[in-house]
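Working notes, structure below.
The values are calculated or read from the model by the stated rules, or taken from the named source; none is laboratory data. Please read all numbers here as calculations on a predicted model, not as lab measurements. So basically every Cβ, Gly included, is an ideal-geometry build from the backbone, and we count neighbours across all protein chains shown. These accessible areas exclude ligands, DNA and RNA; they are computed on the full protein's heavy atoms, side chains included. Shrake-Rupley method; radii C 1.70, N 1.55, O 1.52, S 1.80 Å.
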Amino acid sequence: MMRKKILLVDDSRTSLFMEQMILKKGPYDLITASDGQEGVAKAEHERPDLILMDMIMPRMTGLEAVRALRSRESTRDIPVIMVTTRGEGENVEAGFESGCTDYVTKPIDAVALLAKVRDYLGA
């Protein structure tokens, strides 16, 4: 089976570590970025199959990063799952308005996250 590439974007090393622990046993190559600006640059260069994006980050928020990804031909069709502590209705709505494909709240439920990842990647 071909390995799928997942870009993890979060300014929290702890969150990135948790996501890596959840996903590392799957058929995935994991790439990380520590803010939205770096995430957009890595998405353009690496062309991941899926992006997990934090909402609140320095330099460029997750919302801004998703808008930037959606405005570029090379990255507009990559599914983006927003992963954030901000689970309030207005934040979920803002996430979907920015162009994210799905939404997961922290603390991350490993089983639910893996199910969503498999849904989007078919693996």
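For beta carbons closer than 8 Å, sequence separation of 6+ or different chains, a first residue in the range 27-48 that is without any contact (Cβ under 8 Å) to a residue 12 or more places away in the chain and a second that is assigned to a strand (DSSP E or B) and open to solvent by less than 50 Å² (accessible area, probe 1.4 Å), the qualifying pairs are 41/33.
Kindly indicate which of 70, 59 is assigned to a loop (DSSP other than H, G, I, E, B) and either among the basic types (Lys, Arg) or under 17 Å from residue 97 (Cα atoms) (or both).
Just a single option satisfies the conditions, and that option is 59.
Check whether at least one residue in the range 50-72 is open to solvent by 50 Å² or more (accessible area, probe 1.4 Å) and within 15 Å of residue 104 (Cβ to Cβ), and report yes or no. Yes, the range 50-72 has at least one match.
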